[in-house]
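Worksheet for the structure shown next.
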C-alpha cells in the first residue's frame, strides 16, 4: 500500500514538472487553470495523506486509503474537460497525459487517447511521456504506447514506446516471452540511435536475460576470481544444486 | 540475509548443494573483514568492485540481492525466491534429484 502511495505521488510530481515547462511560453488563462487544477488535486491528496497518518484505528486507515486511491479517478474527469476546453493550448497535452497516467479504471483514459493521438502523436514531448508511461499500469497508458509505437513520427518516442511495451509484457514469472523478445529485437534494430544508443543497449541486456536467463535455460558459465583472487567456475559445481546470490554488503 | 544463508549452508552441509555469491562491493579488504565477522563461509566471485561488474552486467542484475536457483544440470529453475520460498525450492530440487537417482 505504501508502494502505491509512492507511485501515485511520483506521477503527480511528474505531471507538475511537465506542466511547468509550458507556463513560460503559453499565455494565461489556460496554464493558470491547469495550475490550479493541479493544486486542487495535490491538496486533496495531501489532506487525505495527513488524515491517514493521524488515523486512530486500522479500520479508519483502510477507509482513508480507499478514499486516497479514488482521488485520481475523481479528478480525471476534470482534467479531461480542461483538455477538451483548451484543445489548442500546450497544457492540454499535459492534462491528457495526466488522465492517461492516473485513470486506473480506464473510462476517462480511453477518451483522452483519441485527443492525444489526433493532436500530439508526433510532439517532441512525447518522448518523455513514453518514458514516464512505462511505469504506469493503466490500460490507457498501454494503448497510447501502442499508438505511438505504430504511427508516431517522433522516432525517439517510438523507440521508448516499443521498449516500454516489451517491458510491460514481461511478468515476474521469469519465463521466456516471444512477444516481448520480438519487441526488444525491434528496439535493437530499428532504434539503435535513440538516447545515443543506450536504449538499444538496455534492450540487448533485457533480451539476453529473456533468452538465456529464463527459467529452463542452462545458466551461462561464470569463470572469474573469488574474493581472495583464486579463479573458479560455475561448471565446477555441476551435479550440485546451486543458489547464485548476487550480493553486496550494503 | 546472512542468518538465513548461514542456516541454509549449515542445514545442507554434506548434501549436493552449494551457495555461491557474486559480490559487487567496492572495497575488497573491507569485504574480507565482513566475511570473517559475519561468518560467511560460502564462496563468492569478486565482480570487479562495482555494481556494473562484468558478471552482474551479463546477468542483467539491477537489484541486490538477486537470486537464481540452478538444478544439478546447471539449468535455471527458480528466480528471486527468498526465505521460505528459497528453502522450498531447494528441497523440491533435492527430492527430484533423489527420485532420479533411484
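The values are calculated or read from the model by the stated rules, or taken from the named source; none is laboratory data. Model, not experiment: these values are computed from the prediction. FYI the Cβ positions are ideal-geometry reconstructions off the backbone, even for glycines, and counts take in every protein chain you see.
One table, with the values for the structure above:
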{"read-out": "Matching entry among A:181, A:189 (being more than 9 Å from every other protein chain (Cβ to nearest Cβ), assigned to a helix (DSSP H, G or I) and surrounded by fewer than 18 Cβ atoms within 10 Å (Cβ to Cβ))", "value": "A:189"}
{"read-out": "Only one of A:202, A:223 that is farther than 30 Å from residue B:43 by Cβ and at pLDDT 95 or above", "value": "A:202"}
{"read-out": "Selection from region A:78-132 of residues that are outside any helix (DSSP H, G or I) and crowded, with 22+ Cβ neighbours inside 10 Å", "value": "A:103"}
{"read-out": "Number of positions in region A:161-171 that are farther than 17 Å from residue A:138 by Cβ and assigned to a helix (DSSP H, G or I)", "value": "3"}
{"read-out": "Positions within region A:203-215 being assigned to a helix (DSSP H, G or I), facing chain B (nearest Cβ under 7 Å) and surrounded by fewer than 19 Cβ atoms within 10 Å (Cβ to Cβ), in sequence order", "value": "A:205, A:208"}
{"read-out": "Residue list for region B:43-85, filter: within 22 Å of residue B:13 (Cα to Cα), at pLDDT 95 or above and assigned to a loop (DSSP other than H, G, I, E, B)", "value": "B:43, B:71, B:72, B:73, B:74"}
{"read-out": "Pick from region A:216-250, criterion touching a helix residue (DSSP H, G or I) at 6+ places or on another chain (Cβ under 7 Å) and not in a strand (DSSP E or B), ranking: farthest from the other protein chains (Cβ to nearest Cβ)", "value": "A:221"}
